[in-house]
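Worksheet for the structure shown next.
The values are calculated or read from the model by the stated rules, or taken from the named source; none is laboratory data. The shown structure was predicted, so the numbers you read here are calculated from the model rather than taken from an experiment. Cβ placement follows ideal geometry from the backbone for every residue including glycine, while neighbour counts extend to all protein chains displayed. Ligands, DNA and RNA are stripped out before the accessible areas are found, and what is left, the full protein with its side chains, is counted by its heavy atoms. Shrake-Rupley method; radii C 1.70, N 1.55, O 1.52, S 1.80 Å.
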Amino acid sequence: MRKLLLFLLMAGQLSSFGRQVFPVTDSTPVTKDGLTFGYSIVNEQEKEVSKGNASRYKVKFFITNTSDQAKILLRPQGSGLLVSTTSYYLVQFRCLNATGARLTNKEMSLQAKPCVIEAVIEDKDCSSDKTIQKERPANIGFWLRPNETIQGSCIFIVPLNERPNITATLFPMNNNTLVGTFSLGPTSNLAAQFQGFIRIRNLAANNYLNNQRGPVACSTISYDWFSAQWELLPVEGTRYYLIRNRQSNRFFSIDNNAMLSDNSETANARWLIEETGMRNTYTIKNASTNAKLVLQNDLLTTTDAFTTQPNMQWIIEQ
């Protein structure tokens, strides 16, 4: 883990949050204070229950830190290492029309992970009885690092032919506990780094995204094709980008099978472009589904697999 001194944390910005409740759908995640949270429906079935048939949904939830700062639920002063009054719940999703039949859920919460950093603390040297400073791991609360995603899934049963009616509560048990933020280092600005039009090449296939024949595909291209040229447009207040095609002036999106849309407002057209560690090589993750763009059997699709195979890595070329 990256070594951080405690004074760097304390130099960060502190804010106070109350309970904030937002309506959310499977096509409209919420972005608030650098956090994007939402859900996707994995499976839908008709199920027999005690009062007749009902609709059964398997739902996958997520929360992503789309800012360049870590989000921390600080441990209050005076709380012990084993017991803390700080809530580590980041977001609680509640299905308002869930029946709870067959011991299924009515809500789902996503939790932050323990925040353990290297801190400089004062200690007593037993041999000399002097106070000395040492670096030791310190558990200071719970956190969500930049670009980190936490996911969870559950089953809801709702009345037949109804879809889940879901709200999301940010920091649901926070009780105005301080939430700290601090930067883990500079984040590259892709729009500034790649000004003008770019080409996007798949690492495994060595082919390029283009819409020369209508729908977006990944294929060999001619370098004078406007259909293989794209523009990165930052979405204000987030770490997401719109990816606009030069030829059609439309946006790369999962709104439809052609993967092009005129709608720049939908989360389906917003993408999180994350570094892989190799020069100019990235994963491209959709804001709506939190799934990565992948070239699979020569077809473009998205996947929520945690692996990063060459077919889901993309090279950006100026």
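Remarks
- If the condition is being buried (at least 18 other Cβ atoms within 10 Å of the Cβ) and either in contact (Cβ under 8 Å) with a residue 24 or more places away in the chain or under 19 Å from the mean Cα position of the chain (by Cα) (or both), then segment 225-239 contributes 228, 229, 230, 231, 232, 235, 239.
- Pairs where the first residue, in segment 294-318, is free of Cβ contacts under 8 Å to residues at least 24 places away in the same chain and the second is of a type in the set (Phe, Trp, Tyr) and surrounded by fewer than 17 Cβ atoms within 10 Å (Cβ to Cβ), C-beta under 6 Å, 6+ apart: none
- Qualifying residue in segment 35-46 (condition: in contact (Cβ under 8 Å) with a residue 60 or more places away in the chain and under 12 Å from residue 147 (Cα atoms)): yes
- Answer residue from segment 93-148, given it is modelled with pLDDT of 75 or more and of a type in the set (Val, Ile, Thr) and is nearest to residue 167 (Cα to Cα) among those: 99
- Flag if residue 242 is in a strand (DSSP E or B) and surrounded by fewer than 22 Cβ atoms within 10 Å (Cβ to Cβ): yes
- Contact map, segment 196-218: first residue under 16 Å from residue 230 (Cβ atoms), second residue open to solvent by 60 Å² or more (accessible area, probe 1.4 Å) and at pLDDT below 95, Cβ cut-off under 7 Å, separation 6 or more or different chains; pairs are 198/318; 215/257.
- Matching residues, segment 9-48, being at pLDDT 80 or above and over 18 Å from residue 95 (Cα atoms): 31, 32, 33, 34, 35, 36, 48
- Conditions (1) closer than 19 Å to residue 211 by Cα; (2) open to solvent by 20 Å² or more (accessible area, probe 1.4 Å); number of the one not met by residue 278: (1)
- Per the conditions (1) in contact with a strand residue (DSSP E or B) (Cβ under 8 Å, 6 or more places away or on another chain); (2) modelled with pLDDT of 70 or more, the sole criterion not satisfied by residue 192 is (1).
- Whichever residue in segment 163-188 is at pLDDT 70 or above and either out of contact with any strand residue (DSSP E or B) (no Cβ under 8 Å at 6 or more places or on another chain) or assigned to a strand (DSSP E or B) (or both) and, among such residues, is most open to solvent (accessible area, probe 1.4 Å): 167
- Residues of segment 245-285 that are in contact with a helix residue (DSSP H, G or I) (Cβ under 8 Å, 6 or more places away or on another chain), assigned to a loop (DSSP other than H, G, I, E, B) and not aliphatic (A, V, I, L, M): 246, 247, 248, 253, 255, 263.
- Scanning segment 286-318 for residues that are open to solvent by 40 Å² or more (accessible area, probe 1.4 Å), part of a strand (DSSP E or B) and of a type in the set (Val, Ile, Thr) returns 301, 302.
- Annotation: of all residues in segment 146-162 being over 12 Å from residue 99 (Cα atoms) and surrounded by fewer than 17 Cβ atoms within 10 Å (Cβ to Cβ), the one that is farthest from the chain's Cα centre (by Cα) is 161.
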